[in-house]
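Just so it is clear, none of the values below were taken in a lab; they were calculated from the coordinates. Because the structure is predicted, anything quoted here is derived from the model rather than measured. Quick reminder, even Gly has a Cβ in these numbers, built from the backbone with ideal geometry, and neighbours come from all protein chains shown.
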Amino acid sequence: MPHRAPKGSECRILAEAVLQWYSFYEVAPDDEASSTLVAAALEFFHDGYHTADDLAVRLIGTYVGIWSTKINAPTSAAIH
């Protein structure tokens, strides 16, 4: 079953979780990392984590530092 798109309040929760990840690792926001983190946060949200703090903890534990967002991000070469 496909997941529904998040509502406005849910988007704010996802954004807050991503901002907490940036704050925890003390790195500046990055478009590529943000795409990876938001996608992961959305998956965690659909898995039942519905607060910014819960999502941030999952992101911080899954993506350790900025480089992990680059390594785990799919590339066009990996898709083809």
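Overall, the anisotropy analysis places segment 16-75 in the oblate class: the square-rooted eigenvalues a ≥ b ≥ c of its C-alpha gyration tensor yield a/c not less than 1.5, with a/b not exceeding b/c. Counting charges near ASP47 (Lys, Arg +1; Asp, Glu -1) among other residues having Cβ under 13 Å from its Cβ returns a value of -1.
Karplus-based coupling profile of segment 36-43, in residue order and whole Hz: 5, 5, 5, 4, 5, 4, 5, 5, with θ = phi - 60° in 6.51 cos²θ - 1.76 cosθ + 1.60 and x standing for Gly or Pro.
Taking a sphere under 14 Å around the Cβ of THR36 and counting the other residues whose Cβ falls inside, with K and R at +1 and D and E at -1, yields a net charge of -2.
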